[in-house]
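Asker: Supplied in structure tokens, the structure appears directly below.
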Amino acid sequence: MFDTVVIATDGSDSVKRAVDVALDLASRFDAEVHALSVVDASEVDASPQQLRDELQTALETTADAALATVESRTAEGREITTAVREGRPAVELCEYAREVDADLIATGTRGRHGENRLLLGSVAERVVRTSPVPVLSVRQLETIRDDATGGEEVTTEA
């Protein structure tokens with residue numbers, strides 16, 4: 001059913017569960033796995049001129065680290081194709097999915113800037129609306145201390 005799965009990652013904590021779920025799904029279907037991280041060009045363009053080179057480098061480093069995290073979570077012996085793109089994340093993600101003839105895009109519901117969003121992060125929302133293929137959006141689980149149960153840790157959806 002799924003031959004090619006694209007995993008969107010920005011290195012945020014909220015995407016870790018999406019990576020795990022997507023890798024499990026790809027494993028079950030013996031699907032080819034692609035991980036994509038997009039350097040948001042609008043962040044660079046919106047920064048002061050004297051900081052742009054440093055910000056560009058920092059965002060590229062973050063993208064590389066995000067992809068390394070996906071690779072480290074991949075089962076031993078399983079190949080994964082990684083890519084970094086620059087542009088608008090939702091646009092680049094959908095275009096990449098078209099280029100590799102993906103059957104599914106997996107993404108977290110909130111990224112680095114999405115902690116204020118009520119439902120989906122703006123990138124995840126845009127991908128869901130514009131993707132040429134089905135999108136698996138995975139909510140992060142949040143571990144909290146529940147004082148009502150004597151400080152026991154409880155996992156809930158974030």
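The values are calculated or read from the model by the stated rules, or taken from the named source; none is laboratory data. Note that the structure is predicted; figures quoted are calculated from it, not measured. All Cβ positions, even for glycine, are placed from backbone atoms using ideal geometry, and neighbour counts span all protein chains on display. Keep in mind that these areas ignore ligands, DNA and RNA; they rest on the heavy atoms of the full protein, side chains included. Shrake-Rupley method; radii C 1.70, N 1.55, O 1.52, S 1.80 Å.
Asker: Out of the stretch 47-76, which residues are touching a helix residue (DSSP H, G or I) at 6+ places or on another chain (Cβ under 6 Å) and in a helix (DSSP H, G or I)?
Answerer: Matches in the stretch 47-76: Arg52, Leu55, Gln56, Val70, Arg73.
Asker: Counting just the residues of the stretch 75-99 that are out of contact with any Pro (no Cβ under 9 Å at 6 or more places or on another chain) and among the basic types (Lys, Arg), which one comes out most open to solvent (accessible area, probe 1.4 Å)?
Answerer: Arg88
Asker: In addition: Looking only at residues in the stretch 77-87 that are over 13 Å from Asp24 (Cα atoms) and part of a loop (DSSP other than H, G, I, E, B), which one is modelled with the highest pLDDT?
Answerer: Among them, the one singled out is Glu79.
Asker: Here is a further query. Out of all the residues in the stretch 45-101, which are hydroxyl-bearing (Ser, Thr, Tyr) and over 14 Å from the mean Cα position of the chain (by Cα)?
Answerer: Within the stretch 45-101, Ser47, Thr57, Thr61, Ser72, Thr74, Thr81 meet the criteria.
Asker: Determine which single condition Leu118 fails, assuming it passes every other condition in (1) outside any strand (DSSP E or B); (2) at pLDDT below 90; (3) of a type in the set (A, V, I, L, M, F, W, C); (4) open to solvent by less than 50 Å² (accessible area, probe 1.4 Å).
Answerer: In the conditions (1) outside any strand (DSSP E or B); (2) at pLDDT below 90; (3) of a type in the set (A, V, I, L, M, F, W, C); (4) open to solvent by less than 50 Å² (accessible area, probe 1.4 Å), Leu118 misses (4) alone.
Asker: Can you find, within the stretch 26-42, the residue that is farthest from Val84 (Cα to Cα) among those that are part of a helix (DSSP H, G or I) and open to solvent by 50 Å² or more (accessible area, probe 1.4 Å)? Before you say what the answer is, go through the steps one by one.
Answerer: From the stretch 26-42, those part of a helix (DSSP H, G or I) are 26-28, 41-42; that's our starting set.
From what's left, open to solvent by 50 Å² or more (accessible area, probe 1.4 Å): 27-28, 42.
Details: Ser27: 23, Arg28: 26, Ser42: 16 Å.
Top of the filtered list is Arg28.
Asker: Conditions: (1) without any contact (Cβ under 8 Å) to a residue 60 or more places away in the chain; (2) among the hydrophobic types (A, V, I, L, M, F, W, C); (3) more than 14 Å from Ile80 (Cα to Cα); (4) buried (at least 18 other Cβ atoms within 10 Å of the Cβ). Leu23 meets all but one. Number of the miss?
Answerer: (3)
Asker: What pairs can you find where one residue is in the stretch 72-93 and farther than 17 Å from Asp3 by Cα, the other is aromatic (Phe, Trp, Tyr), and their Cβ atoms are less than 7 Å apart, with a gap of 6+ or different chains?
Answerer: From residues that are farther than 17 Å from Asp3 by Cα, the pairs are Ala83/Tyr96; Arg85/Tyr96.
Asker: Pull up the stretch 43-74, narrow it to residues that are open to solvent by less than 60 Å² (accessible area, probe 1.4 Å) and either farther than 21 Å from Glu92 by Cα or among the polar types (S, T, N, Q) (or both), then point me to the one that is modelled with the lowest pLDDT.
Answerer: Ser47
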